[in-house]
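Undergrad: One structure is given below, represented as structure tokens, and several questions about it will come after.
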Amino acid sequence: MHFWHPGAVMAVAATLAVSPAARADTTIYYHSGNWDAFEATSTGGQPICGIGSHNLADGSSLALRFQLGGANVTFTASKPGWQIPDGTAVPVVMQVGLSEPWTVQAIGNGDRVEWSLDTNTMQRFDAQFRGASSMTLTFPSGTEPPWVIGLLGSSAIRNAMGRCIRDMRRRANTAATPQSTTQPFGAVPTAPGAPANPAAPANPAAPAPPAGAAAPAAPPSPAMPAAPGAGPRPGG
């Protein structure tokens, strides 16, 4: 049996960065009790939110990760010196506080074993994780002694992971929303001296008369006024 203590930031980052699901750009942004909260990027370019705890005494660590677009939370237990053939089935018993133990079938590869819980099951695990003072991992098929992991700060660290997931989803939704084209100007301004309203269109031409119909008579010309002195002469 051994007890876990807060790990140095660089040690935890190095442990989490070598995960097959994450690239080396792991960033630890929050620390609470025995736990660190981190962000990473998967080998496929998807963002990851997670939390982890590291034992400085023997280098062992436990991390929980959620990847954007996934439906499960992945647990990874790793320790230097483990030499597990790839794809080996490794049973793990996980007990949080005094709650009923969880028995899971993990898959081992090299120096780590991994298993997953779906989001519905994680709700029950989360309630236990927040309320207990420690959790125990047991590896019944091997010679590894049980791990006793302190849960000091577990509620705050799970809140940090939840915020990370919400922010991650919000950023993804914003990036997927089509953005309308914007312009740096408003309505086209009127040129100086130009009329406020455009000129009225010219009157349309009168329609042509139907074939065979007489053209309408032209209106009579107005009478011209007589020139001065042009009237009849008296006695003429």
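Undergrad: Please state the relative contact order of the range 2-175 as a whole percent: Cα pairs under 8 Å, 6+ residues apart?
TA: 21
Undergrad: Still on this structure, I have one more. Which three semi-axes in whole Å describe the equivalent ellipsoid of the range 76-187, each the square root of 5 times a Cα gyration tensor eigenvalue, listed largest first?
TA: Whole-Å semi-axes of the equivalent ellipsoid: 40, 20, 12.
Undergrad: Counting Lys and Arg as +1 and Asp and Glu as -1, what is the net charge of the other residues whose Cβ lies under 11 Å from the Cβ of Ser61?
TA: -1
Undergrad: When Lys and Arg each count +1 and Asp and Glu each count -1, what net charge do the other residues less than 11 Å away from Arg158, Cβ to Cβ, add up to?
TA: +1
Undergrad: With +1 on the Cβ of every Lys and Arg and -1 on the Cβ of every Asp and Glu, and nothing else charged, how large is the dipole of the range 2-175 about its Cα centre, in debye rounded to the nearest 20?
TA: 560
Undergrad: Please order Thr26, Thr103 by the number of other Cβ within 10 Å, starting at the fewest. The partial results should precede the final answer.
TA: Numbers: Thr26 22, Thr103 12.
Arranged by neighbour count, lowest to highest, Thr26, Thr103 become Thr103, Thr26.
Undergrad: Kindly state, to the nearest 0.05, the FRET efficiency for Ala172 paired with Asp118, given R0 = 22 Å and r defined as their beta-carbon distance.
TA: 0.60
Undergrad: If I histogram all Cα-Cα distances within the range 2-175 using bins 5 Å wide from 0, what percent of pairs lands in each bin?
TA: Result, from short to long distances: 2, 8, 18, 23, 23, 16, 7, 2, 1, 0 percent.
Undergrad: Something else about it: Just order 114-123, 28-37 by mean Cβ neighbour count inside 10 Å, highest at the front, would you?
TA: 28-37, 114-123
None of the figures in this text is laboratory data; all of them are computed from the coordinates on show. Since the model is a prediction, treat every value here as computed from it, not as a measurement. Methodologically, a virtual Cβ is constructed for each residue, glycine included, from the backbone with ideal geometry; neighbour enumeration extends over all protein chains shown.
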